[in-house]
Amino acid sequence: MPMTPPPDFDTLTVADIARLADSDRLPPVERWHPDHCGDSDMRIARDGTWFHQGSPIGRAAMVRAFSRILRREPDGGYVLVTPVEKLDIAVEDAPFVAVEMKVEGEGRDATLAFRLNTGELVTASAQHPLRFEEHDDGPHPYIHVRGPIGAGLEALMTRALYYELAERALAEGAEPPGVWSAGAFFPFAPAE
């Protein structure tokens, strides 16, 4: 069955995004435990580009299909998994990139929703927390996408989205600086 393209993010409300995210039924990859079959010869670059045998995968529908069978293993590695096979995939940073943000409300009443490079939608909340990590090239903001929190799949936010989040945090004046979404507060300081 062909997958339908994701809706135009600009026309969606945050409530629409939450409804669409809740109705998106992913394959039950957490229940599939086939034998390990080797390496997929695939890689996800830091910018979210998917590669196979060194060449970028240009078809968005193919990337989206592969992203739906992606799982993080207990050892921290990533695999593409089906009921009958499991293949390693290299991930340079996070498997997804948050590329657009929609905000409704202010302060404690704010809700932040994101569109990922794969078209998947996620709303920052206690179930999908934001976290910030300091790297040599500056802060890296992430949002939890799926799987167990702290051991599942995340999206790295684009630098532009980070700047939007920082601007919101500074405008709100919280100490430590951070942002609210869906009733949860996410400080910019990395967790100790």
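With a probe of 1.4 Å, find how much accessible area region 114-192 has per residue, and write the answer as a whole number in Å².
47
Would you mind classifying region 60-175 by shape? Square roots of the alpha carbon gyration tensor eigenvalues, ordered a ≥ b ≥ c; an a/c under 1.5 is rounded, otherwise it is prolate if a/b is larger than b/c and oblate if not.
prolate
How many nm is it between the label spots at Asp137 and Glu100, if each spot is 7 Å from the Cα in line with the beta carbon?
According to this spin-label approximation, the distance is 2.5 nm.
With a cut-off of 8 Å between alpha carbons and a minimum separation of six or more residues, what is the relative contact order of the chain in percent?
Worked out over the chain, it gives 19 percent.
Label region 115-192 by shape, choosing from rounded, prolate and oblate, from the square roots a ≥ b ≥ c of the eigenvalues of the Cα gyration tensor; if a/c is under 1.5 it is rounded, and otherwise prolate applies when a/b is larger than b/c, oblate when it is not.
Since a/c stays below 1.5, the shape of region 115-192 is classed as rounded.
What is the percent carbon and sulfur in the accessible area of the chain, measuring with a 1.4 Å probe over the protein chains and ignoring ligands?
C and S fraction of accessible area: 54 percent.
What whole-number value in Å² describes the accessible area per residue of region 36-112 for a 1.4 Å probe?
Accessible area per residue, region 36-112: 51 Å².
Report, for the chain, the % of DSSP beta bridges that are antiparallel, rounded to 5.
In the chain, approximately 80 percent of DSSP beta bridges are antiparallel ones.
Positive end of the dipole of region 140-192, charges at C-beta (+1 Lys, Arg; -1 Asp, Glu), about the Cα centre: which of Leu170, Ala189, Tyr142 has its Cα farthest in that direction?
Tyr142
Simple spin-label model, 7 Å along Cα-to-Cβ: Asp75 to His33 in nm?
Result for the modelled spin labels: 1.7 nm.
The values are calculated or read from the model by the stated rules, or taken from the named source; none is laboratory data. Note that the coordinates shown come from a computational prediction; the quantities given were computed from them, not determined experimentally. Cβ: placed from backbone, ideal geometry, glycine included. Neighbour counts: every protein chain shown. Ligands, DNA and RNA are excluded from the accessible area calculation, which covers all protein heavy atoms including side chains. Shrake-Rupley method; radii C 1.70, N 1.55, O 1.52, S 1.80 Å.
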